[in-house]
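The values are calculated or read from the model by the stated rules, or taken from the named source; none is laboratory data. Everything numeric in this text was worked out from a predicted model, so none of it was measured. We place every Cβ from the backbone using ideal geometry, glycine too, and count neighbours over all the protein chains shown.
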Amino acid sequence: MNLFAEFKNRIAATVAALQAEGTLPAGLDTAKITAEPPRDANHGEVSTNAAMVLAKPAGMKPRDLAQMLADRLAVLPGVDSAEVAGPGFINLRLAASFWHDRLRDVLAAGTGYGASTMGAGRNVNVEYVSANPTGPMHVGHGRGAVVGDVLASLLAKAGYAVTREYYINDAGAQVDVLARSLHLRYREALGESIGEIPEGLYPGDYLVPVGQAMAADFGDRFRDAPEAEWLEIFRLRAVDAMLALIKDDLAALGVRHDVFSSELALVEAGGVQAAFDELVGKGLIYEGVLEPPKGMLPEDWEPRPQTLFRSSDFGDDVDRPLKKSDGSWTYFASDIAYHFDKHRRGAQTMIDILGADHGGYVKRMVAAVKAMTGGAAELDIKLCQMVNLMRDGQPVKMSKRAGTFVTLREVIDDVGKDVVRFIMLTRKNDAHLDFDLAKVTEQSKDNPVFYVQYAHARAHSVLRHAVEALPGADLAPAALAKADLAALTDEAEIALIKQLAAWPRVVEGAAEAHEPHRIAYYLGEVAAAFHSLWNKGRETTELRFLQPERQDASLARVALVRGMALVVASGLMVLGVTPVEEM
RNA sequence: GCGCCCUUAGCUCAGUUGGAUAGAGCAUUCGCCUUCUAAGCGAACGGUCACAGGUUCGAAUCCUGUAGGGCGCGCCA
């Protein structure tokens with residue numbers, strides 16, 4: 001359990017006890033009380049603002065109330081002292097034995113440590129990747145894939161019921177273009193010279209083998225046939241092939257999905273019409289003419305009546321069209337239906353991971369979800385900024401036409417999926433990310449992946465040595481959890497345990513904020529605390545993990561090393577990165 | 001013109017949802033290998049949190065405005 005949440009409860013209980021005695025007035029709101037780790041380690045281990053938020057309603061001076069509370073808190077089990085500081089903070093110092101117990105928690109829970117019941121089984125749908133099935137994935141897609149995949153794992157660890165979903169945009173004009181591009185490759189496979197791929201079609205050679213397969217299956221049957229005869233067949237085959245390509249890329253990156261939803265299937269099943277009817281029933285659809293965007297008149301602008309959704313009633317800037325002039329649905333219309341479908345399948349919270357170029361889309365979709373579900377479901381859209389591919393500090397030049405485009409798959413094959421996954425989380429999602437292909441494989445502390453992995457590998461190195469240093473001792477986590485830990489007294493040792501004990505809180509905070517990058521940063525801090533302790537042992541022999549003359553101290557430290565390795569492994573598992581035991 | 005995101009140390013970035021004296025890494029300077037991996041560690045230097053107001057016990061964090069950067073802006077997805 002998150003120890004800070006636990007202390008918050010204990011503080012609230014203390015306040016309640018004082019109220020029951022009549023020392024404090026009834027009706028105080030304890031919701032604003034926080035229990036947090038203070039920034040400055042000199043301020044103890046748990047700090048609470050309780051006195052400051054309760055002083056006014058209680059009609060007391062903050063510091064007086066603080067002292068009253070501190071006297072009660074100081075005698076709680078595990079608490080060494082409670083001091084009033086600053087404007088009315090109460091700083092708690094915890095006993096070494098309290099931290100030893102936290103290490104036991106880690107060892108008892110293993111890599112399951114950090115799991116939370118915060119989500120209470122709430123149903124969350126995370127939609128990510130959703131790259132158009134028109135070609136292999138690029139590096140930018142990879143970022144969204146990792147952010148979504150890790151966020152899903154994180155939410156699962158925090159106790160949510162998570163559905164990982166991919167939305168296949170197989171119903172728009174782009175897949176028709178894909179079909180035509182394939183037809184060209186098909187003619188090429190039949191021996192025709194096609195020359196340069198015309199503007200507006202997909203030039204990539206990934207369609208070549210699909211074209212060959214079409215030629216093998218259909219011969220020249222569609223070579224000169226009118227488009228209407230082959231378009232659908234080619235489209236279906238092309239989409240299937242591209243989706244297979246994308247799934248292959250995702251597998252190489254270790255990214256999983258539970259559900260692949262087809263836009264085309266949704267449209268054909270009448271889902272869009274149903275959603276539209278629903279909005280009509282709510283009186284949110286009308287025929288109208290939109291004003292042109294101010295200060296930026298499109299060249300071919302002319303006023304035109306459209307079928308509009310009153311998204312501006314729900315926080316959007318303007319109302320949005322749901323039908324094209326030919327009567328077909330806009331992308332927005334099917335996306336409304338799709339999100340409604342996700343909600344009908346049980347999603348209470350929906351998270352979409354999109355590229356930053358979709359920023360203009362956020363308000364209308366949030367508005368639509370609000371309208372369709374009557375506020376019963378919430379939508380959070382996380383936008384991922386661009387990834388700049390670099391090599392030794394220089395941008396990698398890419399051009400699709402010149403064939404110098406670097407695909408996600410090439411990067412994975414180059415540096416490995418673990419590196420790609422970790423690096424994608426070294427920035428918060430809405431910040432630009434420089435991905436330096438040279439630096440990320442360096443074996444130095446410049447490289448955060450290495451730095452964390454090295455800590456884990458070092459720990460396992462100690463554990464290997466421990467087998468010889470402690471003959472006959474049971475070094476399994478469960479056994480170490482029962483070891484005598486009294487030898488762990490050094491500041492650096494306790495500091496490391498504090499870091500480990502923060503893991504449940506980090507999981508909860510990151511899950512609540514939908515910010516998976518926090519995990520990567522946290523692991524860097526744990527690794528730093530461990531490397532620091534390691535080096536302290538170089539200078540002070542008594543702090544080395546394995547003490548030939550002191551079995552009890554050795555066993556206690558092996559427990560600490562094991563606990564550190566477990567927490568790092570637990571975090572890396574959330575990131576989908578394999579912890580290495582040797583480097 | 002409008003909307004969204006961003007602006008924190010020389011550089012690249014964190015900042016625990018409003019807490020106390022704002023933190024890392026790189027770079028610079030100085031230290032630490034007879035030892036469980038020096039693939040690492042410690043110390044020093046470095047700040048008007050873009051700017052100006054406001055909200056309150058308290059603001060890098062919330063609100064308003066200004067400047068600079070990115071993205072988007074009626075039948076593309």
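What pairs come up if the first residue lies in the range A:315-327 and is among the β-branched types (Val, Ile, Thr), the second is crowded, with 20+ Cβ neighbours inside 10 Å, and their beta carbons are under 8 Å apart, counting only those six or more places apart or on different chains?
Listed by first residue and then by second, the contacts come to A:Val318/A:Ser311.
Here is a list: A:Val75, A:Val15. Which entry is more than 30 Å from A:Lys157 (Cα to Cα), loosely packed, with under 14 Cβ neighbours inside 10 Å and more than 13 Å from RNA strand B (Cβ to nearest atom)? Walk me through it before giving the result.
Working: A:Val15 fails: loosely packed, with under 14 Cβ neighbours inside 10 Å.
Only one candidate passes the filter, namely A:Val75.
Among the residues of the range A:476-495, count how many are more than 15 Å from A:Phe98 (Cβ to Cβ) and surrounded by 16 or more Cβ atoms within 10 Å (Cβ to Cβ).
7
Please enumerate the residues belonging to the range A:238-268 that are within 22 Å of A:Met573 (Cα to Cα) and either more than 26 Å from the chain's Cα centre (by Cα) or of a type in the set (Asp, Glu) (or both). Give the steps one after another, and end with the answer.
Here is the first cut: in the range A:238-268, the ones within 22 Å of A:Met573 (Cα to Cα) are A:247-259.
Within the range A:238-268, A:Asp248, A:Asp249, A:Asp258 meet the criteria.
Taking A:Arg310 as the residue in question, decide whether it is out of contact with any His (no Cβ under 6 Å at 6 or more places or on another chain), more than 8 Å from RNA strand B (Cβ to nearest atom) and free of Cβ contacts under 8 Å to residues at least 24 places away in the same chain.
Numbers: out of contact with any His (no Cβ under 6 Å at 6 or more places or on another chain): yes; more than 8 Å from RNA strand B (Cβ to nearest atom): yes; free of Cβ contacts under 8 Å to residues at least 24 places away in the same chain: no.
Considered against the rule, which asks whether it is out of contact with any His (no Cβ under 6 Å at 6 or more places or on another chain), more than 8 Å from RNA strand B (Cβ to nearest atom) and free of Cβ contacts under 8 Å to residues at least 24 places away in the same chain, A:Arg310 comes out as no.
Of all residues in the range A:293-313, how many are surrounded by 12 or more Cβ atoms within 10 Å (Cβ to Cβ) and assigned to a loop (DSSP other than H, G, I, E, B)?
Counting residues in the range A:293-313 that are surrounded by 12 or more Cβ atoms within 10 Å (Cβ to Cβ) and assigned to a loop (DSSP other than H, G, I, E, B) gives 1.
Does the range A:54-75 include one or more residues that are touching a residue at least 12 places away in the same chain (Cβ under 8 Å), touching a Lys or Arg at 6+ places or on another chain (Cβ under 6 Å) and not acidic (Asp, Glu)?
So far as the range A:54-75 goes, no, none of its residues is touching a residue at least 12 places away in the same chain (Cβ under 8 Å), touching a Lys or Arg at 6+ places or on another chain (Cβ under 6 Å) and not acidic (Asp, Glu).
Out of the range A:18-53, which residues are near RNA strand B (Cβ under 8 Å from one of its atoms), of a type in the set (Ser, Thr, Tyr) and part of a loop (DSSP other than H, G, I, E, B)?
Selection gives A:Thr34 alone.
Looking at the range A:512-547, which of its residues are more than 6 Å from RNA strand B (Cβ to nearest atom), touching a residue at least 40 places away in the same chain (Cβ under 8 Å) and among the hydrophobic types (A, V, I, L, M, F, W, C)?
Within the range A:512-547, A:Ile519, A:Ala520, A:Leu523, A:Val526, A:Ala527, A:Phe530, A:Leu533, A:Leu543 qualify.
Do we have A:Arg180 as touching a Phe, Trp or Tyr at 6+ places or on another chain (Cβ under 9 Å), of a type in the set (D, E, K, R) and over 30 Å from A:His514 (Cα atoms) here?
Here the answer is yes, as A:Arg180 does meet what is asked.
Take the conditions out of contact with any Leu (no Cβ under 7 Å at 6 or more places or on another chain) and either at pLDDT 95 or above or not hydrophobic (A, V, I, L, M, F, W, C) (or both) and apply them to A:His465. Does it pass? So that I can check it myself, show each step before the final result.
Values: out of contact with any Leu (no Cβ under 7 Å at 6 or more places or on another chain): no; either at pLDDT 95 or above or not hydrophobic (A, V, I, L, M, F, W, C) (or both): yes.
No.
Just a yes or no: is a residue in the range A:95-113 within 16 Å of RNA strand B (Cβ to nearest atom), of a type in the set (A, V, I, L, M, F, W, C), surrounded by fewer than 24 Cβ atoms within 10 Å (Cβ to Cβ) and in contact (Cβ under 8 Å) with a residue 24 or more places away in the chain?
Looking through the range A:95-113, none of the residues is within 16 Å of RNA strand B (Cβ to nearest atom), of a type in the set (A, V, I, L, M, F, W, C), surrounded by fewer than 24 Cβ atoms within 10 Å (Cβ to Cβ) and in contact (Cβ under 8 Å) with a residue 24 or more places away in the chain.
Does A:Leu243 qualify as being in contact with a helix residue (DSSP H, G or I) (Cβ under 7 Å, 6 or more places away or on another chain) and under 30 Å from A:Asp217 (Cβ atoms)? It would help to see each step written out before you state the result.
Values: in contact with a helix residue (DSSP H, G or I) (Cβ under 7 Å, 6 or more places away or on another chain): no; under 30 Å from A:Asp217 (Cβ atoms): yes.
Considered against the rule, which asks whether it is in contact with a helix residue (DSSP H, G or I) (Cβ under 7 Å, 6 or more places away or on another chain) and under 30 Å from A:Asp217 (Cβ atoms), A:Leu243 comes out as no.
Does A:Ala228 count as farther than 28 Å from A:Gly576 by Cβ, within 14 Å of RNA strand B (Cβ to nearest atom), without any contact (Cβ under 8 Å) to a residue 24 or more places away in the chain and among the hydrophobic types (A, V, I, L, M, F, W, C)?
Values: farther than 28 Å from A:Gly576 by Cβ: yes; within 14 Å of RNA strand B (Cβ to nearest atom): no; without any contact (Cβ under 8 Å) to a residue 24 or more places away in the chain: yes; among the hydrophobic types (A, V, I, L, M, F, W, C): yes.
Against the criterion (farther than 28 Å from A:Gly576 by Cβ, within 14 Å of RNA strand B (Cβ to nearest atom), without any contact (Cβ under 8 Å) to a residue 24 or more places away in the chain and among the hydrophobic types (A, V, I, L, M, F, W, C)), A:Ala228 does not qualify.
Do the conditions hold for A:Ala337, that is, is it assigned to a helix (DSSP H, G or I), over 22 Å from A:Lys363 (Cβ atoms) and more than 6 Å from RNA strand B (Cβ to nearest atom)? Let's see the steps before the verdict.
Values: assigned to a helix (DSSP H, G or I): yes; over 22 Å from A:Lys363 (Cβ atoms): no; more than 6 Å from RNA strand B (Cβ to nearest atom): yes.
Against the criterion (assigned to a helix (DSSP H, G or I), over 22 Å from A:Lys363 (Cβ atoms) and more than 6 Å from RNA strand B (Cβ to nearest atom)), A:Ala337 does not qualify.
Residues being under 19 Å from A:Gly140 (Cα atoms) and in contact with a Leu (Cβ under 9 Å, 6 or more places away or on another chain): count how many of those fall in the range A:401-454.
23
Could you pull out every one of the helices (runs of 4 or more DSSP H) wholly within the range A:152-269 that has 1 or more residues that are touching a Pro at 6+ places or on another chain (Cβ under 9 Å)?
Values: elements: A:173-189, A:208-218, A:227-253, A:263-268.
Qualifying helices (runs of 4 or more DSSP H): A:173-189, A:227-253.
Out of (1) at pLDDT below 95; (2) more than 26 Å from A:Ser328 (Cα to Cα), the odd one out for A:Met214 is which?
(1)
Step by step: first the residues of the range A:249-302, then only those that are without any contact (Cβ under 8 Å) to a residue 60 or more places away in the chain and aromatic (Phe, Trp, Tyr), then the one that is farthest from RNA strand B (Cβ to nearest atom). Which residue is that?
Here the answer is A:Tyr286.
Being of a type in the set (D, E, K, R) and closer than 22 Å to A:Ile412 by Cα, is that true of even one residue in the range A:173-195?
Of the range A:173-195, the ones of a type in the set (D, E, K, R) are A:176, A:180, A:185, A:187-188, A:192.
If we keep only those that are closer than 22 Å to A:Ile412 by Cα as well, we get none.
Checking the range A:173-195: not a single residue is of a type in the set (D, E, K, R) and closer than 22 Å to A:Ile412 by Cα.
Check A:Leu290, A:Leu279, A:Leu266 and return the single one that is in contact with a strand residue (DSSP E or B) (Cβ under 6 Å, 6 or more places away or on another chain) and not small (Gly, Ala, Ser). Please lay out each step first, then the result.
On the way: A:Leu290 fails: in contact with a strand residue (DSSP E or B) (Cβ under 6 Å, 6 or more places away or on another chain); A:Leu266 fails: in contact with a strand residue (DSSP E or B) (Cβ under 6 Å, 6 or more places away or on another chain).
Step by step, each of A:Leu290, A:Leu279, A:Leu266 is checked, and only A:Leu279 is in contact with a strand residue (DSSP E or B) (Cβ under 6 Å, 6 or more places away or on another chain) and not small (Gly, Ala, Ser).
Could you tell me whether any residue of the range A:315-329 is within 9 Å of RNA strand B (Cβ to nearest atom), closer than 20 Å to A:Ile168 by Cβ and in a helix (DSSP H, G or I)?
Scanning the range A:315-329 turns up no residue that is within 9 Å of RNA strand B (Cβ to nearest atom), closer than 20 Å to A:Ile168 by Cβ and in a helix (DSSP H, G or I).
Looking at A:Tyr160, A:Tyr128, A:Tyr166, which is the one that is more than 19 Å from A:Leu250 (Cα to Cα), aromatic (Phe, Trp, Tyr) and in contact with a helix residue (DSSP H, G or I) (Cβ under 9 Å, 6 or more places away or on another chain)? Working first, answer last.
Working: A:Tyr128 fails: more than 19 Å from A:Leu250 (Cα to Cα); A:Tyr166 fails: more than 19 Å from A:Leu250 (Cα to Cα).
It is A:Tyr160.
Under 6 Å between Cβ atoms, which residue pairs at least 6 apart in sequence (or on different chains) link something in the range A:145-159 that is acidic (Asp, Glu) with a partner that is not in a helix (DSSP H, G or I)?
From the range A:145-159, the pairs are A:Asp149/A:Val255.
Determine whether the range A:451-464 contains at least one residue that is more than 11 Å from RNA strand B (Cβ to nearest atom), surrounded by 20 or more Cβ atoms within 10 Å (Cβ to Cβ), touching a residue at least 12 places away in the same chain (Cβ under 8 Å) and assigned to a helix (DSSP H, G or I). Walk me through how you get there before you give the answer.
Restricting attention to the range A:451-464, the residues satisfying the condition of being more than 11 Å from RNA strand B (Cβ to nearest atom) are none.
Within the range A:451-464, not a single residue is more than 11 Å from RNA strand B (Cβ to nearest atom), surrounded by 20 or more Cβ atoms within 10 Å (Cβ to Cβ), touching a residue at least 12 places away in the same chain (Cβ under 8 Å) and assigned to a helix (DSSP H, G or I).
Given (1) of a type in the set (Asp, Glu); (2) within 13 Å of RNA strand B (Cβ to nearest atom); (3) more than 23 Å from A:Arg391 (Cα to Cα); (4) out of contact with any Ser or Thr (no Cβ under 7 Å at 6 or more places or on another chain), where does A:Asp434 come up short, assuming only one miss?
So the condition that A:Asp434 fails would be (3).
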